[in-house]
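To start, the structure itself, in structure tokens.
The values are calculated or read from the model by the stated rules, or taken from the named source; none is laboratory data. Predicted model only: the values in this text are computed from it and were never measured. Don't worry about glycine lacking a Cβ; one is built from the backbone with ideal geometry, like all the others, and counts go over all protein chains shown.
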Amino acid sequence: MGRWEPDAGGRFRMAAMELFVERGYEQTTVADIAERAGLTARTFFRHFADKREVLFSGAEQLQRTMVDALDGAPAPSTPIEAIEAALAATAGFFEDNREFARRRSSVIEANAELRERELIKLATLSAALAEGLRRRGVAEPDASLAAEAGMAVFRVAFASWVAAAEPRSFRAILRASLARLQALAASGPSPGNARKN
């Protein structure tokens, strides 16, 4: 019988990530994770529904963080400014977990089922942000467009942040990515992409 351990969830996450990287996601069992963590499989299931949830258990907290920040944006904020507040709030969520995030990304990228789950998570975040904008009085299609643009910035920034050679903080990359999107939107079509009538 395993004794109670502080931060058992964290131990399971670290053990699972080590095994997913070493053996592959499919080849790793809950029993393997529990053994590596020095805990029991029964304790694992108190923290996670299955091994996949080790990779996605923070999704609800991330969504709450983003929606709370969007809801807390000043009333006169534009939709993009409210989305910027939501994105900025994620920086604290990730900054101290860069190596875990890098490993997590590599594990997800190597597995089609996990990639699909990640896309569902991102779509759920976008829908939550769009709903938050609608609560602020933003009409459609503007609410969905702003939310989708924000999630595009989030995805691009996150991919840059987990890249091995990237020294900048997640917050700095988010700011730069959002500024780049705004510059692209303001500049209009490039000459090579302009439609000919």
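Put simply, of Asp50, Asp96, Asp7 the only residue that is at negative phi, free of Cβ contacts under 8 Å to residues at least 40 places away in the same chain and over 17 Å from the mean Cα position of the chain (by Cα) is Asp50. No other residue among Ala34, Ala75 is at pLDDT below 95 and farther than 22 Å from Glu118 by Cβ apart from Ala75. Condition (residue is under 12 Å from the mean Cα position of the chain (by Cα) and loosely packed, with under 14 Cβ neighbours inside 10 Å) applied to region 99-121: is it met by at least one residue? There is at least one residue in region 99-121 that is under 12 Å from the mean Cα position of the chain (by Cα) and loosely packed, with under 14 Cβ neighbours inside 10 Å. Can you tell me how many residues in region 167-188 are surrounded by fewer than 17 Cβ atoms within 10 Å (Cβ to Cβ) and without any contact (Cβ under 8 Å) to a residue 24 or more places away in the chain? Counting residues in region 167-188 that are surrounded by fewer than 17 Cβ atoms within 10 Å (Cβ to Cβ) and without any contact (Cβ under 8 Å) to a residue 24 or more places away in the chain gives 12.
Listed here are the residues, each with its yes/no results for (1) assigned by TED's automatic domain parsing to the domain that holds Ala130; (2) hydrophobic (A, V, I, L, M, F, W, C).
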position	(1), (2)
Leu19	no, yes
Thr28	no, no
Gly38	no, no
Phe45	no, yes
Leu62	yes, yes
Ala69	yes, yes
Pro76	yes, no
Glu84	yes, no
Gly92	yes, no
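Evaluation of Thr28 against the conditions (1) buried (at least 19 other Cβ atoms within 10 Å of the Cβ); (2) under 22 Å from Ala164 (Cα atoms) shows that the sole unmet condition is (2). Selection within region 125-140: residues that are part of a helix (DSSP H, G or I) and either charged (D, E, K, R) or not assigned by TED's automatic domain parsing to the domain that holds Asp71 (or both). The member of this set that is farthest from Pro74 (Cα to Cα) is Glu131. Just one of the listed residues (Phe93, Phe100) is aromatic (Phe, Trp, Tyr), assigned to a helix (DSSP H, G or I) and touching a Gly at 6+ places or on another chain (Cβ under 8 Å), and it is Phe93. Against the conditions (1) over 18 Å from the mean Cα position of the chain (by Cα); (2) crowded, with 19+ Cβ neighbours inside 10 Å; (3) part of a helix (DSSP H, G or I), where does Leu39 fall short? Just the number, please. Going through the list (1) over 18 Å from the mean Cα position of the chain (by Cα); (2) crowded, with 19+ Cβ neighbours inside 10 Å; (3) part of a helix (DSSP H, G or I), Leu39 breaks only (3). Scan region 148-158 residue by residue and report those that are touching a residue at least 40 places away in the same chain (Cβ under 8 Å) and within 19 Å of Val107 (Cβ to Cβ). Within region 148-158, Phe158 is the sole residue that qualifies.
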